[in-house]
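Taking it in order: structure first as structure tokens, then the write-up.
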Amino acid sequence: MSNVIDAGDRRYVARGIAHISLQAPKEPINVSFVLMHQFTMLAFTSAIEPLRVANQLAGQVLFRWNVYSADGKPVRCSNGLSLVPDAALPNHAAPGYVLVCGGVEPELACSSTLSDWIRAQWRHGRTVGGLCTGAYALARAGILDGRRFTLHWENIRSFTEVFPDLTPEWQVFSVDDRIVTCAGGVAAADLVLRIVDEHFGGELSQAVMNMCLLSRRRDEADEQTTSLSSRLGTRNRHLAKAVTYLEEHIEEPFSIDDCADHVGVSRRQIERLFKGNLGVTPLQYLNNLRLQNGRALLAETDLSVLETAIACGYQSSSHFSKSFRKKFGVSPHRFSHFRKMREEPAETEA
């Protein structure tokens, strides 16, 4: 193995103490990162840092990466900081991986230019992926039909409203041939560790994990969030089954009797379980789910208030608006309008 690093590759290999001996690859693996407006920095850094660490541990270039934006201009991420990319989107990305990093308000951030480019990279044999809400760009490109994929749990319900024929998985990451996606955040590290393992073996991927201070490597099928029992603060199986039922029937008219029949207990028992463990009635719990869903739809889609109300199971926009204002302190009309007005200057800056 040669320890000589070309001048052009020095940016990819930092000095470090820990070392893993590997044979030099025939060709380094190329990773092209594409930043959507308001991308999530945690997802981006969780993906790129394990690549840097892998190179550092090996003392050679195992991975090369470039960072692009649609027009080559700085991109503001969701925490307000801006990142300067290497260039605008090239006609053809280097052979290897193309990873689109999304974040908040992905529907607004996903342009036709980006989705057309992604489709072209896919057709030219690249492995295409989405970090966090990068799956929006892949969906717009029309390459997710019949594929397993995922995105951040907070965005799944609004995603399925925009793309009703696509069904995301609620898992940490997903690999389906030349489609790779992850839920964002530190799940991007889980996905990249899988890539490191696949190309350079388990010893290196384990060493990268240790260097990144990750105590456990999550599997592809692991759920994104803690278990329902942990979220509810109880292991009561009847309550968990009732909550799951409500979450799966959020758009349907509420019937506590149907919920009780599904769980296999009486109506009075259902009411007692919710009040005793969660401090709310089943209907109050469902309304909270519906309002959270409505907030997500207003923030990330172009649905009107009436369309949002119907999608959340409300019979009228007035009932939805009144409940929304009471919970969030702002009307849904104002919330939606504020989001759109806030986005316009940000697009101009980018």
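The values are calculated or read from the model by the stated rules, or taken from the named source; none is laboratory data. Note that the structure is predicted; figures quoted are calculated from it, not measured. FYI the Cβ positions are ideal-geometry reconstructions off the backbone, even for glycines, and counts take in every protein chain you see.
State whether one or more residues within the stretch 252-263 are closer than 30 Å to V180 by Cα, among the hydroxyl-bearing types (S, T, Y) and not assigned by TED's automatic domain parsing to the domain that holds F149.
Looking through the stretch 252-263, none of the residues is closer than 30 Å to V180 by Cα, among the hydroxyl-bearing types (S, T, Y) and not assigned by TED's automatic domain parsing to the domain that holds F149.
Does M36 satisfy being crowded, with 19+ Cβ neighbours inside 10 Å and either charged (D, E, K, R) or modelled with pLDDT of 90 or more (or both)?
The answer is yes for M36.
With the checklist (1) modelled with pLDDT of 85 or more; (2) within 27 Å of the chain's Cα centre (by Cα) in hand, flag the one item G279 doesn't pass.
(2)
Kindly indicate which of V84, V75 is closer than 21 Å to P106 by Cα, surrounded by fewer than 13 Cβ atoms within 10 Å (Cβ to Cβ) and touching a Pro at 6+ places or on another chain (Cβ under 7 Å).
Of V84, V75, the one residue that is closer than 21 Å to P106 by Cα, surrounded by fewer than 13 Cβ atoms within 10 Å (Cβ to Cβ) and touching a Pro at 6+ places or on another chain (Cβ under 7 Å) is V84.
Scan the stretch 255-266 and report the pairs whose first residue is buried (at least 17 other Cβ atoms within 10 Å of the Cβ) and whose second residue is in a loop (DSSP other than H, G, I, E, B), with Cβ atoms within less than 7 Å and a gap of 6+ or a chain change.
The qualifying pairs are A260/S266.
What do you reckon, is R218 at pLDDT 85 or above, in a loop (DSSP other than H, G, I, E, B) and not assigned by TED's automatic domain parsing to the domain that holds G134?
For R218, the condition - at pLDDT 85 or above, in a loop (DSSP other than H, G, I, E, B) and not assigned by TED's automatic domain parsing to the domain that holds G134 - is met.
Criterion first (surrounded by 15 or more Cβ atoms within 10 Å (Cβ to Cβ), over 30 Å from L22 (Cα atoms) and β-branched (V, I, T)) does V208 satisfy it?
Answer is no for this residue.
Of these, N66, N91, N79, which one is polar (S, T, N, Q), assigned by TED's automatic domain parsing to the domain that holds N155 and touching a strand residue (DSSP E or B) at 6+ places or on another chain (Cβ under 7 Å)?
Checking each option against the conditions leaves just N66.
Would the stretch 250-265 turn up any residue that is at pLDDT below 90, under 14 Å from N287 (Cα atoms) and β-branched (V, I, T)?
Yes, the conditions are met somewhere in the stretch 250-265.
Go through the stretch 153-193 and count every residue that is of a type in the set (F, W, Y) and more than 13 Å from D222 (Cβ to Cβ).
2
How do the helices (runs of 4 or more DSSP H) wholly within the stretch 221-276 filter down when requiring 2 or more residues that are over 25 Å from the mean Cα position of the chain (by Cα): which remain?
Helices (runs of 4 or more DSSP H) meeting the threshold: 237-248, 256-263.
Cβ-Cβ distance below 8 Å, separation of 6 or more or different chains: which pairs start in the stretch 93-112 with a residue that is within 30 Å of P25 (Cβ to Cβ) and of a type in the set (V, I, T) and end on one that is at pLDDT 95 or above and assigned to a loop (DSSP other than H, G, I, E, B)?
Pairs found: V98/R126; V100/M36; V100/G134.
Please identify the pairs in which a residue from the stretch 268-296 that is over 16 Å from S331 (Cα atoms) has its Cβ atom under 8 Å from the Cβ atom of a residue that is aromatic (F, W, Y) and surrounded by fewer than 20 Cβ atoms within 10 Å (Cβ to Cβ), counting only partners at least 6 apart or on another chain.
What qualifies is F274/Y285; L278/Y285; P282/F254; L283/F254; L286/F254.
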